[in-house]
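See structure below.
The values are calculated or read from the model by the stated rules, or taken from the named source; none is laboratory data. Source: prediction; values computed, not measured. Backbone-built Cβ (ideal geometry, glycine too); neighbour counts: all protein chains shown. Only protein heavy atoms, including side chains, enter the accessible area calculation; ligands, DNA and RNA are left aside. Shrake-Rupley method; radii C 1.70, N 1.55, O 1.52, S 1.80 Å.
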Amino acid sequence: MKAYTPIWLFLTFFIIFFSVPQLLAQHPVIPMSVSENSTPNAFPLVINKKTAAIITDSQDAPVVQLAATALKQDIQLVTGSSPEIDTTGVVRAQCVIIGTLGQSQLIGKLVQAGKLSIEAIRGKWESYLLTIVKNPFPGVQQALVITGSDPRGTAYGVFELSKMIGVVPFHWWADIHPERRRALYVSNGTLTVGSPAVKYRGIFLNDEDWGLQPWAATRMDTVIKDIGPVTYERIFELLLRLRANFIWPAMHECTKAFYHYPDNPKLADQYSIIVSSNHCEPMLRSNPFEWKVNFEKEYGVSPGEWRYDTNKSRIYRYWKDRVQASGKYAAIYTVGMRGIHDSGLPGPKDKAGKITLMNEIIADQRDMLREQFGDATARQQIFCPYKEVLDLYQAGLKLPEDVTIVWPDDNFGYIRQLSTPQEQRRSGASGIYYHISYWGAPHDYLWLSTHSPALISYEMTKAFHFGADRFWVVNVGDIKPNEMETQFFMDLAWNVGKWSPMQAAKYSYSWAAEIFGEEQAAAIAGIKDRYYLLAQHGKPEHMRMLQFDPIAREERLRAYTLLIYDVEQIKRRLPVRLQSAFFQLVEYPVKGAAYMNQKELYARISLEKEQMKNVQEAQYYSRKAVNAFDSIQILTDYYNHNLENGKWNGIMSAAPRKLPVFNMPPVAGGPDTTTVPKNFRKYIDSIPGTFIHTPDTAAVQLKEATSYIACRHLPGDSIKRMPGLGVGGASVSRYPFTGQSFSEASYQDAPYTEYRVSLSAGAHIVSLQCLPTQAIHAGRRLGMAITINGQPPIFADINHQEEDRLWQVNVLRGYAEATAPVTITYSGTAIIRVYLLDTGLALNRLIITPR
Ligand code: REL
């Protein structure tokens, strides 16, 4: 054996040394970029106001032509020169050839002639390639070729070039005016992208009554005064730029159904956007309008009750007609049934009856699809066990195996459950319905968007590890001001590995650099990250439900004041062209959150001062609270009426659903604002939230979970630090999420982290604050074993799946808590070890208090 080793070594060296460069020569992987200055063999997209022509094939898909037109506009926006588009296939000396494999003759010819290597994308889903080809055709010196494995892939490729020249996905939606450039050179290289990690990636337009709908009616679809084709066209283009591929359209009572306007589905088809419908709207119907309002007009009879057990024939026909009407378009059908809107399945009272009925409904819906498409599995179907439907599913509802289960979060960003190993074997796989905006208990958050990339990544990466790679949908509310979080969601869905929970906190920087430039990126990212962290402790919309103790309150107010200051500083440094974007993406949400906190907290301080008979200070704080309230109104008014000459008129409401939290709270003093409750204590007690503690006495010790002095990893199951996650600003968790669970009996085998603390002899409480996640699936928990100085362990499990008072408290304050009573015999150094028995458990910090 020994004698052969040098030969093998020599052969290995020979193979590596000679074949790798050869392989690289065949498939050069040189990154591509765009600059104003020429580089060797660069492709001149625009020089001396001359622009390379864009060549498409008229036989290629409409989305390719639409993307080419958008690129033309983008180039004009950046350089002032507008390229010509030729769809007849007549090439020029310098041109951009855009086409889909199998649909563009020019691309076909290039492949045949061996001038374009498409092996990296052939046959793949939504993949694309950008490359520069020398002498592609007689008389053509060079061409920039953008080709996709399918039409959407081609469009994504085109928008990749847009991004490279400086036109970012939200440029129209957030007025991110690109920097003007006199020339554009594309460096000689190749960019191959795809396929996406998640097959279907889309948004849900929801709770649009206070933003998207009034804005669309005033500024976009002004004839129909609704969210119609003019608005949807902008939305579809945005989706392509974000590399998303489907939509759950708006559906509240203020909006007529998507299918009510025939141009909507036609346009979606042209933009290659797949239309689907949300969890309470089976078979692409939109009940608030189509069942409740329009049924009689459509069918000449009243709809009757929305009950499948007593009114099956009408409901059946209503669904079947939509299956027929949508047959020619790409669609994803939601199966099952709920109430007309967001409520439980009407009819049978007991669970067994509901399950039987639901099984019948799904079987009937499959029949409709079979009749229309010849095979019940011919079209993608989803089933979303949202709210009460999860109970039915867990109680034994039978779901055809090809239907994708779309697991929901708990509406606050924490996923309720994921597929078991058995469910992971289903051909339909699974997906996720996630919220970054929500209407509902314990309290809405429809105004601002405050889930951090770290949180979104933690939950969605976990989902991906458990097989949720088929369908991701995010409830984006009105789209604005949720731009960054929406873009993060889509970037993650495209490349889950890139933005793992260990990396996600870097997203703010990369996002800020792309939009505002490297120079300001760190400062802007810093603002965003502090904004997210403060909101993890309590979202702005939840401020009326939360109480902070005096020290926490002071710190919070100071942090927000500093944020306002920093926003002002950066704003001054930005050029005029970025002012609008900065206002929309940073200033409005950050100042909005800050003023909301000031309004609520100063008002309470004013009442306390009043109680203490400190009239002057009471009035001082009451004025500060009023100022903060006024500032929100002024800022919002500016957003709607002044920004970009009124382009956003109606988009921003500072009081969605007119909830009390958006009003002025009771304050002390002042003629109009004197609303001090007669019984102040009673008023404070009536705040239904929870007390947020800051360890504010010397006796209390706080340890950030990431400050461990030792830890144990297992093979393929590591302890990782996750910046930006949880109330401490960082967490530790096991990673990847697929590691095994440990029972209490085998706790000593589990990964752990270890902390050194200094304690006095006596009894203490160790409190472990964790992200309020939920156990991954049945059979798993969120268990920990806590030992101190090697004493017997104390076990805790923070899993809490009931949506009860404790769950409400946890999602509002941003953490779940486990407590372990411990006793120390001698004063001095103590070692606390926390075994993480399950994955999906993110430990934020430890707080040790004397008992
Ligand atoms: O977030 C959700 O999915 C639900 O709250 C919605 O279905 C519901 O329609 C909500 O907009 C309230 O009406």
Could you work out the Kirkwood radius for the stretch 701-850, taking every pair of different alpha carbons, averaging 1/r and inverting it, reported in Å?
-> 15.4 Å
Long-range Cα-Cα pairs in the stretch 200-502 (distance over 34 Å), rounded percent = 16 percent
What are the trypsin sites (Lys or Arg not before Pro) within the stretch 521-613 that DSSP puts in a loop, where the Cβ has at most 12 other Cβ atoms within 10 Å?
-> Lys613
Label points 7 Å out from Cα along the Cβ direction at Glu519 and Gln748: separation in nm?
-> 6.2 nm
Set the Förster radius R0 to 60 Å, insert the Cβ-Cβ distance between Thr87 and Arg425 as r into 1/(1 + (r/R0)^6), and round the FRET efficiency to 0.05.
-> 0.80
Calc'd 3J(HN,Hα), the stretch 713-718, phi into Karplus 6.51 cos²θ - 1.76 cosθ + 1.60 (θ = phi - 60°), Hz, glycine/Pro = x, comes to 9, 10, x, x, 8, 9
Nearest 5 is fine: what % of DSSP beta bridges in the chain come out antiparallel, could you say?
-> 65 percent
Report the net charge of residues surrounding Gly99, where surrounding means a beta-carbon distance below 13 angstrom and charges are Lys +1, Arg +1, Asp -1, Glu -1.
-> -3
To the nearest 0.05, what FRET efficiency results for Arg756 and Ser38 with a Förster distance of 45 Å applied to their C-beta separation?
-> 0.15
Count the net charge of all other residues whose Cβ sits under 15 Å from the Cβ of Thr404, scoring Lys and Arg as +1 and Asp and Glu as -1.
-> +3
Can you tell me the FRET efficiency between Asn789 and Asn614 if r is taken as the Cβ-Cβ distance and R0 is 30 Å, rounded to the nearest 0.05?
-> 0.05
Quick one: what are the phi-derived ³J(HN,Hα) couplings along the stretch 247-258, Karplus 6.51/-1.76/1.60 with θ = phi - 60°, whole Hz, x for glycine and proline?
-> 9, 9, x, 4, 8, 6, 4, 6, 10, 6, 4, 4
For the stretch 89-148 and the stretch 362-424, distance of Cα centres in Å = 41 Å
Contact order normalised by residue count of the chain, Cα under 8 Å, 6+ apart, percent = 9 percent
Would you calculate, for the chain, the mean residue ellipticity at 222 nm contributed by helices, counting each DSSP H stretch of 4 or more residues as -39,500 (n - 2.57) and dividing by all residues, to the nearest 500?
-> -11000 deg cm²/dmol
Distance violations [Cα-Cα > 26 Å] among Lys266/Lys312; Lys624/Lys647; Lys199/Lys498; Lys163/Lys498; Lys506/Lys539 | Lys266/Lys312; Lys624/Lys647
Antiparallel DSSP bridges in the stretch 30-193: what percent, to the nearest 5?
-> 60 percent
On full extension of the chain, what length is gained from Arg851 through Glu554, given 0.36 nm per residue of separation minus the C-alpha to C-alpha distance?
-> 104.3 nm
How much length, in nm to one decimal, is gained on full extension between Arg572 and Ala763, taken as 0.36 nm per residue of separation minus their Cα-Cα distance?
-> 63.4 nm
Which distance in nm do the two modelled labels at Ala325 and Ala441 give, with both placed 7 Å along the Cα-to-Cβ direction?
-> 3.5 nm
Using modelled backbone amide H atoms (1.01 Å from N, in-plane), which distant-in-sequence or interchain residues come within less than 5 Å of Ala816's amide H?
-> Cys770, Leu771
Under 1.5 on a/c is rounded, so check that first for the chain, then, if it is not, pick prolate when a/b is larger than b/c and oblate when it is not; a ≥ b ≥ c are the square roots of the alpha carbon gyration tensor eigenvalues.
-> rounded
Grab the other residues whose beta carbon is less than 13 angstrom from that of Ile432, score K and R as +1, D and E as -1, and report the net.
-> +1
With every protein chain left in place, what is the accessible area per residue of the chain in square angstrom, probe 1.4 Å?
-> 38 Å²
Whose amide H sits under 5 Å from the amide H of Arg201, counting only residues 5 or more places off or on another chain, with H placed in the peptide plane?
-> Asn245, Phe246, Trp472
Alpha-carbon centroid distance for the pair the stretch 601-648 / the stretch 773-810, whole angstrom | 40 Å
Portion, in percent, of the accessible area of the chain that falls on carbon or sulfur, probe 1.4 Å = 53 percent
Counting only residues 5 or more places away or on other chains, whose amide H sits under 5 Å from the amide H of Ala730 once H atoms are built in the peptide plane?
-> Gly724, Leu725
A correct Karplus calculation of ³J(HN,Hα) over the stretch 57-66, with 6.51 cos²θ - 1.76 cosθ + 1.60, θ = phi - 60°, whole Hz and x for Gly and Pro, returns 9, 4, 7, 6, 4, x, 4, 6, 5, 5
